[in-house]
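First the structure, in the form of structure tokens, and then the observations on it.
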Amino acid sequence: MSRLPGRPLTFLLTGFSWLLLSSLVGLAILIGLVRGTPLPHWIRHAHVHAALVGGVAQMILGALLIFISPLLLTGQNRRESHPLLFLTINGSALGMVAGFGFGSYPVIGISGGFVIASFLWIARDTWLQA
């Protein structure tokens, strides 16, 4: 059995890691504001998108991968691992954070498109199962 990334539990744990990292950045932003030395504005955008895309959206994808098959009672011929989906959502989150860091809005837009594509991929998978 290979250890490919992309198992549903990996989505949940990686999403939690993104949330943890984002909360540390949020704490740094708060400390900077309280001490009167605010961090650059792009860090706030990176913080929010890391939490929402890297954390929450990835946890939603993991939950969908875990619960869709049992709910539809069609888990017999379902893949257990989704490495391309895992790399797409994490690469998109990283692309958004880097895009805000470099001030490159096309990179942010393209990364957002890949996030939408990830959710459409799951929607297609669910439709085919139903």
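Checking LEU65 against (1) within 12 Å of ILE89 (Cβ to Cβ); (2) open to solvent by 60 Å² or more (accessible area, probe 1.4 Å): exactly one of these is not met. Which one? Every condition holds for LEU65 apart from (2).
Using the structure shown, decide if GLY62 is modelled with pLDDT of 90 or more and in a helix (DSSP H, G or I). Considered against the rule, which asks whether it is modelled with pLDDT of 90 or more and in a helix (DSSP H, G or I), GLY62 comes out as no.
Tell me, yes or no, whether region 93-110 has at least one residue that is under 27 Å from LEU20 (Cα atoms), open to solvent by 30 Å² or more (accessible area, probe 1.4 Å), modelled with pLDDT under 90 and not in a loop (DSSP other than H, G, I, E, B). No, there is no match, as no residue in region 93-110 is under 27 Å from LEU20 (Cα atoms), open to solvent by 30 Å² or more (accessible area, probe 1.4 Å), modelled with pLDDT under 90 and not in a loop (DSSP other than H, G, I, E, B).
The values are calculated or read from the model by the stated rules, or taken from the named source; none is laboratory data. Quantities reported herein were computed from a predicted structural model and do not represent experimental measurements. Using ideal geometry, Cβ is built from the backbone for each residue, glycine included, and neighbour counts are taken over all protein chains shown. Just so you know, the surface numbers come from the protein's heavy atoms only, side chains and all, with ligands and any DNA or RNA stripped out. Shrake-Rupley method; radii C 1.70, N 1.55, O 1.52, S 1.80 Å.
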